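The values are calculated or read from the model by the stated rules, or taken from the named source; none is laboratory data. Predicted model only: the values in this text are computed from it and were never measured. We place every Cβ from the backbone using ideal geometry, glycine too, and count neighbours over all the protein chains shown.
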Amino acid sequence: MSGGRRVGGYAVAVVILLAGWALLAWLIDSPALPGPFAAFGDFFSALGEGLVEAFAVSAARVFVAIGLALLFAVPLGLMVGRSPRADAVFAPLVFLTYPIPKIVFLPVLLVLLGTGEVSKVVLIAIIVFFQILVTARDAAKSIPEASVLSVRSLGAGAAQVYRNVVVPASLPAVFTALRIAAGTAVAVLFISETVAGTSGLGFYIMDAWGRIDYGDMFAGIIAMGLLGILLYEVIEFAEGRLCRWTRVGGRTVG
Amino acid sequence: MARVAIHGLEVVYEGVEQRIEALGGVDLELGDGEPVAVIGPSGCGKSTLLVALAGLVAPTRGEVEIDERPVTGTRLHTALILQDFGLFPWKTAYHNAALGLEIRGLPSAERARRTAEALERVDLADFAGSYPGELSGGMRQRIAVARVLALDADLLLMDEPLSALDALTRESLQGLLLELWRQRGFTSLLVTHSIEEAVFLGRRVVVLSPRPGTVHAIVDNPGMGEPAYRSSEFFYEKCAELRGVLVAEGAFAERRAGP
């Protein structure tokens, strides 16, 4: 897709969303749902009054948490997927713990790690970690043995098999999981910021709600939306850089 | 160059739930620079023979020697071309072709020179920066050939390298393989399902028995070696002879009966 068409597509999407929003606000006609013009007015005036700081705090939390999750989940997932012996131990462990909603451990983390940054970052990281781990394992497991034989026949050792085959073969799946996890990460961020602490966008939104300042509340909601978009775009950019081959041609090769 | 000697080669895969006897005592010698084709019914251990020669599977019994040295692991000048999985979609044609040299740690200038030469040789110089997904099936297999050329291999092992291609592309690549063999004189072992391909590219054609594979018969094919051989009467006679051997072996009946 060309850059121009991409920007054009975004512009049309933004217009459609704003029109839908305006229509909904007009139909509902409540101060809790201001129209887009009023809301963006409030958003821009809130920028100088603490919204930028709240955004920065939240963005830092979610990016650090996702980075930590990737750092542990990708190598572990790939290794488990490639080693039947490790998988025999790990697979049941993961399948038992994966379905447990990790968000219920928020109170435990708050008690153990305090109400500051650490508990929030750890909670998000744990949730993203599991989603990436399961995908990375499955991706590494499904690599055809013939691909591995082919590089081994060239004299590749274990490290070179990972570098030339296992990692690149699994990356697209990891990015897909990361996109899905990013949405969850922002939701968990919001919950953890509303439950404890006095900083970040979650706190900003709920604080405005408590003050019945709907304009400010919506400024926070818009900022939260922008954080989600930023996260998505960063992932998209990284994927384009690291998985260039998926962006050319339509066919896949075994 | 490479002389290959296989003595009583048996390979048994011990799986978790099953035990597969892939090869049941294969004896075969390949002279220096000799092109040999291997044909046989499905699942006769043809691929196992190649991976054993490549040093990727250890013999359960018997031995494989290349230049009087037992094969215990991968060898610098042995190249293996697989049907589908030899190329990596995440590497450009250049990096796919250069992979063997990269893994073997050649200095980058030398690597670039040899890879560029090899791509030039298979007419892909203009596609060095393309990914396999952007290229046709025939071009992809030519990248695999370029990888072998860059390695400067003296023993070429091919596992049905052309079977996924359409008939025209297939013939032109058979022509390319023949030409390269005439130029470079490497020893080659080609596993194929195609009688015509075996007769076109094998000075001897080895017919394997159903699993566990053993050498059922060897058909001598001294006329092989000229591009024009394909359209000669001898070629057709040789194909008929080979087909007769396969029929006598029950290779066709085996397929009908199915597993």
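Quick one: what pairs do we get from the stretch B:27-38, first residue free of Cβ contacts under 8 Å to residues at least 60 places away in the same chain, second among the polar types (S, T, N, Q), C-beta under 8 Å, 6+ apart or different chains?
Hits for this filter: zero, empty list.
Is there a residue being more than 25 Å from the chain's Cα centre (by Cα), under 22 Å from B:Leu56 (Cβ atoms), within 13 Å of another protein chain (Cβ to nearest Cβ) and surrounded by 22 or more Cβ atoms within 10 Å (Cβ to Cβ) anywhere in the stretch A:166-186?
Looking through the stretch A:166-186, none of the residues is more than 25 Å from the chain's Cα centre (by Cα), under 22 Å from B:Leu56 (Cβ atoms), within 13 Å of another protein chain (Cβ to nearest Cβ) and surrounded by 22 or more Cβ atoms within 10 Å (Cβ to Cβ).
Mind checking whether some residue in the stretch A:148-159 is surrounded by fewer than 18 Cβ atoms within 10 Å (Cβ to Cβ), in a helix (DSSP H, G or I) and without any contact (Cβ under 8 Å) to a residue 24 or more places away in the chain?
Within the stretch A:148-159, one or more residues are surrounded by fewer than 18 Cβ atoms within 10 Å (Cβ to Cβ), in a helix (DSSP H, G or I) and without any contact (Cβ under 8 Å) to a residue 24 or more places away in the chain.
For the condition over 23 Å from B:Glu134 (Cβ atoms), of a type in the set (Gly, Ala, Ser), in the same structural domain as A:Ala59 (by TED's automatic domain parsing) and touching a strand residue (DSSP E or B) at 6+ places or on another chain (Cβ under 9 Å), what is the one hit in A:Ser199, A:Ser153?
None of the others qualify; the one that does is A:Ser153.
Within the stretch B:157-170, is there a residue that is within 11 Å of chain A (Cβ to nearest Cβ) and β-branched (Val, Ile, Thr)?
No, there is no match, as no residue in the stretch B:157-170 is within 11 Å of chain A (Cβ to nearest Cβ) and β-branched (Val, Ile, Thr).
Kindly evaluate B:Ala54 against the criterion of being assigned by TED's automatic domain parsing to the domain that holds B:Val206, more than 24 Å from B:Leu246 (Cα to Cα) and not aromatic (Phe, Trp, Tyr).
yes
Just wondering, is there one or more residues in the stretch B:44-53 that are surrounded by fewer than 18 Cβ atoms within 10 Å (Cβ to Cβ), at pLDDT 90 or above and within 21 Å of the chain's Cα centre (by Cα)?
Taking every residue of the stretch B:44-53 in turn, none turns out to be surrounded by fewer than 18 Cβ atoms within 10 Å (Cβ to Cβ), at pLDDT 90 or above and within 21 Å of the chain's Cα centre (by Cα).
Name the residue that is nearest to the other protein chains (Cβ to nearest Cβ), counting only residues in the stretch B:73-92 that are touching a Leu at 6+ places or on another chain (Cβ under 6 Å) and of a type in the set (A, V, I, L, M, F, W, C).
The selected residue is B:Leu80.
Quick one: would you say A:Ala156 is over 15 Å from B:Arg104 (Cβ atoms) and not acidic (Asp, Glu)?
It is false that A:Ala156 is over 15 Å from B:Arg104 (Cβ atoms) and not acidic (Asp, Glu).
So which residues in the stretch B:96-126 are hydrophobic (A, V, I, L, M, F, W, C), in a helix (DSSP H, G or I), more than 18 Å from B:Leu176 (Cα to Cα) and within 14 Å of another protein chain (Cβ to nearest Cβ)?
B:Ala98, B:Leu99, B:Leu101, B:Ile103
Conditions: (1) closer than 25 Å to B:Gly202 by Cβ; (2) of a type in the set (Gly, Ala, Ser); (3) surrounded by fewer than 24 Cβ atoms within 10 Å (Cβ to Cβ); (4) assigned by TED's automatic domain parsing to the domain that holds B:Pro89. B:Ala146 meets all but one. Number of the miss?
(3)
B:Gly62 fails exactly one of the following numbered conditions: (1) within 14 Å of chain A (Cβ to nearest Cβ); (2) surrounded by fewer than 20 Cβ atoms within 10 Å (Cβ to Cβ). What is the number of that condition?
All conditions are met except number (1).
Which of the residues belonging to the stretch A:111-147 are within 11 Å of chain B (Cβ to nearest Cβ), of a type outside the set (Gly, Ala, Ser) and in a helix (DSSP H, G or I)?
A:Glu145
Would you call A:Val167 under 30 Å from B:Trp90 (Cβ atoms), at pLDDT 90 or above and among the β-branched types (Val, Ile, Thr)?
So A:Val167 passes the test.
Looking at the stretch B:104-114, can you tell me whether even one residue there is buried (at least 21 other Cβ atoms within 10 Å of the Cβ), of a type in the set (A, V, I, L, M, F, W, C) and at pLDDT 90 or above?
no
For a quick check of your reading of the model, give me the residue pairs whose first member lies in the stretch A:205-217 and is within 13 Å of A:Ser45 (Cα to Cα), whose second is among the β-branched types (Val, Ile, Thr) and modelled with pLDDT of 90 or more, with beta-carbon atoms closer than 6 Å and at least 6 apart or on different chains.
From the stretch A:205-217, the pairs are A:Met217/A:Ile205.
If you scan the stretch A:156-165, which residues turn out to be of a type outside the set (S, T, N, Q), touching a Leu at 6+ places or on another chain (Cβ under 9 Å) and facing chain B (nearest Cβ under 10 Å)?
A:Ala156
Within the stretch B:26-59, restricting attention to residues that are away from chain A (no Cβ under 12 Å), of a type in the set (Gly, Ala, Ser) and not in a strand (DSSP E or B), which residue is nearest to B:Leu155 (Cα to Cα)?
Checking each candidate, the answer is B:Gly33.
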